[in-house]
Each structure stands twice: as C-alpha cells, then as structure tokens.
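Note sheet for the following structure.
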Amino acid sequence: MTADSSRTGLLAVFTAGGISAFGTQMTMLALPWLVLETTGSAWRAGLVFAVQVLPIALLGFIGGEVMQRYGAHRTMLVGDALRAPTIAAVPILHSMGLLSLSALLVIVAIIGVLGVPYYAAQRVLAAELIGADPRALTKANGVMEGSVNIAALAGPATAGALIPFLGAAQVLWIDAVTFAVSCGLLLLVPRAARSARGKAGGPPGIMAGVRKLRADPFLGQSVISTVVYGFLLRVLALALPILAYARFDGDARAAGLLVGGYGAGALIGSLVTFAVASRVTPERLMGVSVVLLALPLWLLVLPAPIYVLVFGAALSAAAVPLSNAPFFGILTARVSPEYRPKVLQSVITISNIAGPLGFLTAGFLMEHAGIQATLFVVAALATLATVNLLHAMRLLRVPTESPREVLSDA
C-alpha cells in the first residue's frame, strides 16, 4: 500500500464517518422529539434510546468476531448499506400512520445491531492505514473524532431548524441519505486495507479482548471509568434536549442550541487534540482532559440561562475527544495487532454496556425527580470516574504482559 493510497483511504474513512455521524446527530434530536410530540412521555423517549443501544451491551463482544472474520472495511460497508433503508422506514411508516411504539422499537433495535462493530472497525481500519506510534495515533484519533464532531455541531442545529418546518419524522430521511453516501465513500479505501483481517487468524474466543484488558494493569482499572462515562453520555444524550424542552417551553431551537453547543465543544476539543498531539505526551493530555470533562457538568445543575448551560456542556464536551484520542492511542500501542479488533471492540462494548440503563434511568429520574436531580447525578458520577481514571494512570508504566495473560490465552 503506497503513502498516497493510505492518505486516500484515511480521508475516505474520516469523511464517511463524519457524514454518517451528521445524520445520526440529527436523529439524536429528531427521534426523541418525535416521541415527545406523539406521546409526551420522557420515559418512552428513554426507552427508544435504550433499545437502540441494548444490542451493543448484549452483542458487543461478538462484534470482534465479525471484524476478525470479515475485516474492518467490509464490516463498516455492510453496516452503512443496511442502516440506510432501516432508518428510512421510520418516516415511511409515520406518513402511513403505522408507526406504533413497538414498530419504532424494532427499527431502532435493528439499527443498534448493525452498529455494534462499526465504530471499533473504524478505528481498526485507521490503525491499519497509519501504524501504531502512540502520538501518531493520538493525532489521527483527533482527526477522526474531529470529522465526527463537526457533525455533532451541525447535526442538532440543523435538526432544530428543520423540525418546525418539516416535522421530526421527515428529518430522519437525511440520516438515511448520509448512510448511503458513507457507504459509497468507503469504496475508496485501498484494496489492501479492505481485505485486512486479524493477524494469523486472530485470538480465538469472543472474550479474548476482555482477557487482554484484564491482563493489562492500566486498562483493567480504566474500564471502570469507561463504564461510568458510557452511562453518563447516554444520560446526557437524553437529558440535554429534554432540559431545553422543560425549561424553554418546548422550543426546538433552544434544544438545537444546547445540543449543538455540546457538539461545538467536542469539535473544538478535536481541533485542540490535533494541534497539541505532537507536542504533549498522551498521558499528560489525558490527565488534564478528564478533569475538564467532569467539572463543567456541575454548571448544568444550576437553574441558569441558556448561555451558561451551553458553556458548561461545550466545555465538558471539549474534554471528551481530548481524553479519547490519547486513550485510544495508548491502547493501540499497548496491544499487539492481532488483538486490536477484539480489544477495541471490547473497550467500546464496555463503554456502552451501561447505555440502556443510562437511558432508562434518565427517563425515570426526569419524570419522577426532575431534570435538576438527574444532572446532579451526572456531575457527581463523572467526578468519581475521573478520580478513578487519574489513579489508573499511575499504572501506565506497568508492563502489559503478565503470567496470568499468558495462561488465560494459552
């Protein structure tokens, strides 16, 4: 694979991820808005989100097997090709008066199943194209998250502007189109990367990635915070639009501003990551960023005006790519190539394993305790997760191999 073809492949991977994420971020606002408009129930909106992420919790570890068998490129290509018509079914059924809650749950569950190995496959494919230097991977992850976070800025704002004119259901057509476009872009990836599979067949067993994580002192402890952050991100995904809905009289533009502000912060964080990745060690970058992730969330607890809420959400969001990029850079460098598909899939699965509980808990808390109590729980748990991760970083110098790992993989 030549340097030019690698650059073309990386550009295709980054752009495809960003375009499909644009539609997905629009859906993150349009879908709960559709449920709120038709049922008025925050709990049902949470249920829809929970069902979408439930396959990641139930089937996530199988995603590593899928990547190992079919390759990261084919996994992404098929995921985009099938999700396009699936999400299009929502506006079609809605226009026919056939979109019941049960039908919507089935559709979002299918989307969830198709997305199980997608994001891990994106990172594995990028690693195949760029190599395994920690700083280079940190920079590449910053670019990859940046392309996605551009969508996180534009998607909700666009949805918030379009919902009053088109309706929430019709906005979902855009998500379907973005999946189709992403599928076409992935055909530009060089053939050498398209056929890449696990080295030497890869390690056997769907839990091989988990065994590798447990054998690594740093990764073994850090996954605790990964679970908590995964829970909190799902709570915020539902809490931010409902916060706007509850405090600002159902104004979709306020919701778009708040959720879009979160996306803007994530984009800024990605740009900062790209700018500093070559000059700051991944360990130092991650240590500072996890503190910035937790502290601004306390601003959301306050009964403050919209600009204060947007600032708190944006500052916390900026720390997400600032911490994710070095974390995945360290992870990829610490794990041998044959283990990467299953280890990366395991990390993403573990980070999402509390997702269904997060959506259900958020809906329940907001209906019975209110939005302020929900956001207080978010801020408190984020602070505890940050303290744990800072402690785990003290173990980064501990060797990655251990007798337990050798015995468990024998």
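Data table
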{"item": "Ala81 vs. criteria at pLDDT 85 or above and small (Gly, Ala, Ser)", "result": "yes"}
{"item": "Test: residue in the range 273-293 that is farther than 22 Å from Met393 by Cα, free of Cβ contacts under 8 Å to residues at least 40 places away in the same chain, within 21 Å of the chain's Cα centre (by Cα) and part of a helix (DSSP H, G or I)", "result": "no"}
{"item": "Residue satisfying condition, being buried (at least 23 other Cβ atoms within 10 Å of the Cβ), over 20 Å from the mean Cα position of the chain (by Cα) and of a type in the set (A, V, I, L, M, F, W, C), within set Leu238, Leu243", "result": "Leu243"}
{"item": "Every residue from the range 1-40 that is modelled with pLDDT under 85, under 15 Å from Asn149 (Cα atoms) and of a type in the set (Ser, Thr, Tyr)", "result": "Thr24, Thr27"}
{"item": "Selection status of Val124, in contact with a helix residue (DSSP H, G or I) (Cβ under 9 Å, 6 or more places away or on another chain), surrounded by 18 or more Cβ atoms within 10 Å (Cβ to Cβ) and either at pLDDT 90 or above or not in a helix (DSSP H, G or I) (or both)", "result": "no"}
{"item": "Yes/no for Val51 being surrounded by fewer than 24 Cβ atoms within 10 Å (Cβ to Cβ), under 17 Å from Gly112 (Cα atoms) and not basic (Lys, Arg)", "result": "yes"}
{"item": "The range 369-395 residues that are in contact (Cβ under 8 Å) with a residue 24 or more places away in the chain, paired with ones that are polar (S, T, N, Q) and open to solvent by 30 Å² or more (accessible area, probe 1.4 Å) (beta carbon under 8 Å, 6 or more apart)", "result": "Asn388/Gln221; His391/Gln221; Ala392/Gln221; Leu395/Gln221"}
{"item": "Any chance Arg44 is under 20 Å from Thr349 (Cα atoms), part of a helix (DSSP H, G or I), open to solvent by 30 Å² or more (accessible area, probe 1.4 Å) and at pLDDT 80 or above", "result": "no"}
{"item": "In the range 328-346, the residues that are buried (at least 24 other Cβ atoms within 10 Å of the Cβ) and either out of contact with any Pro (no Cβ under 8 Å at 6 or more places or on another chain) or not in a helix (DSSP H, G or I) (or both)", "result": "Phe328, Arg340, Pro341, Val343, Leu344, Ser346"}
{"item": "Test: residue in the range 80-89 that is farther than 30 Å from Lys212 by Cβ and surrounded by 24 or more Cβ atoms within 10 Å (Cβ to Cβ)", "result": "yes"}
{"item": "Check on Val308, free of Cβ contacts under 8 Å to residues at least 24 places away in the same chain and at negative phi", "result": "yes"}
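The values are calculated or read from the model by the stated rules, or taken from the named source; none is laboratory data. In this text, all values refer to a predicted model and were calculated from it rather than measured experimentally. All Cβ positions, glycine included, derive from the backbone under ideal geometry; neighbour counts span all protein chains shown. Ligands, DNA and RNA are excluded from the accessible area calculation, which covers all protein heavy atoms including side chains. Shrake-Rupley method; radii C 1.70, N 1.55, O 1.52, S 1.80 Å.
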